[in-house]
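Here is the structure we will look at, set down as structure tokens.
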Amino acid sequence: DQFVRSDSYLQIAYAYYNQYGVSIDSVTHHLYRAEEAISQAIDFVTAETIPHVYVAKGHNEAPLGNMFSSFIEQVGLICEDINLRDVKALPDDVATLVIHAPKTDLSDEETSMLLSFMESGGNILLITDGESAALPNLMRIAGAMGLAPLGGVIHEGNANRFDKIDTNIKPAINDKHTITAPGVESGYVVLMPNSHGISVASKLPENVTVTSLLTTSDSAYVTDADGKETTLGAVPVGVAAQNSKTGAKLVWYSSVDAFADATVEKNSGNALYYLAMTLYWQNKAYRSVLPTIAPIELTRDMISVTAFPGILLGIVLVVLIPVTCLVLGISIRLRRKRR
């Protein structure tokens, strides 16, 4: 069990079904799907390409939490590492490139490669801390979507918007965007410890739209080395950007600790829910090209019986049938004894 609690699996199921338009009701449906599963398994192993999530390496990136890294494959995507220093272009099967808090900056060549990747419709999931947000070439990737980092760890001045310490932020969650709306409806709170702010340009690049997913209260502030406080107001700590012309999507979360095992465990897997919704929004998971084989419905409606027929049926089942069986059994036994 890679996850902390079994309800994390339920959250992932809700993420999948909310994204793909299938509702979950209170009725348990028992379906026979063996034919469908076998057919799609054959298609999977014979397909030329399967969507991959690639995790960027080569710049002393912060390690992914065990739950984070194992989770990606739970949402229908294959996860592999890719050293950006070793390639001239990203593979054709990249669904999303995850950049997770590198300690050293991208080279100019690597930056150009990633910008070209986005220009051709590529998706990036960017997760940073204050150190990685200060890397200029990395921030050129965010800048292509009109985004920039704000320096300093955010302190939340609203006591209702942090957990125990004021840097462990409980941001407001957008209740309209595809990534976050289902989680808000289900009451999933997320923690964003040690976040930095994200600045959105007043004039965005052409065809780009940016939506704040996670936002501090208007009482948020940062402090400098001398302890002087500077008010930030309400600032994003998670954003989703999209270029309507190229189709490129960039999602940026400004807290590495949000997806660390300890935070995921403390927060009942809620961060993994929003991670699932992020990946679903950026790309579809692998789906078989074979026509869907309809499952066999094993669930049957319950029989409704009114009071009087219910009493008669109870007498027949509880009294008459057992008594008849008992009488037959006794008579058979007596006949056998006489022989």
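For Ile198, the residues whose amide H sits under 5 Å from its own are Leu150, ignoring neighbours fewer than 5 places away on the same chain, with H placed 1.01 Å from N. With only Cα atoms counted, the range 117-211 has Rg and Dmax values of 15.1, 44 Å.
For the range 146-225 versus the range 243-273, the spacing of their alpha-carbon centroids is 12 Å. In order along the range 172-180, the phi-based Karplus estimate (6.51 cos²θ - 1.76 cosθ + 1.60, θ = phi - 60°) of 3J(HN,Hα) comes to 5, 10, 4, 9, 10, 6, 4, 5, 10 Hz; Gly and Pro are listed as x.
Rounded to 0.05, the FRET efficiency of the Asp108 and Ser186 pair, given R0 = 41 Å and the Cβ-Cβ distance, is 0.40. Taking amide H atoms as placed 1.01 Å from N in the peptide plane, list the residues 5 or more away in sequence, or in a different chain, whose amide H sits under 5 Å from that of Val98. Here Tyr54, Val55, Ala56, Leu125 satisfy the definition. Taking every protein chain into account, the accessible area of the range 149-189 amounts to 51 square angstrom per residue (probe 1.4 Å). With respect to the cross-link table entries Lys228/Lys266; Lys170/Lys266; Lys170/Lys228; Lys103/Lys228; Lys203/Lys249, which display a Cα-Cα separation exceeding 20 Å? The pairs that break the limit, which is 20 Å between Cα atoms, are Lys228/Lys266; Lys170/Lys228; Lys103/Lys228. For the range 133-292, the alpha-carbon coordinates run over 63, 37, 26 Å along the three principal axes, in decreasing order.
Taking every Cα-Cα distance in the range 188-255 and sorting them into 5 Å bins starting at zero, the pair-distance distribution P(r) comes out as 4, 15, 22, 22, 15, 11, 7, 3, 1, 0 percent.
The values are calculated or read from the model by the stated rules, or taken from the named source; none is laboratory data. The shown structure was predicted, so the numbers you read here are calculated from the model rather than taken from an experiment. FYI the Cβ positions are ideal-geometry reconstructions off the backbone, even for glycines, and counts take in every protein chain you see. Protein only, heavy atoms only, side chains kept; ligands, DNA and RNA dropped before computing areas. Shrake-Rupley method; radii C 1.70, N 1.55, O 1.52, S 1.80 Å.
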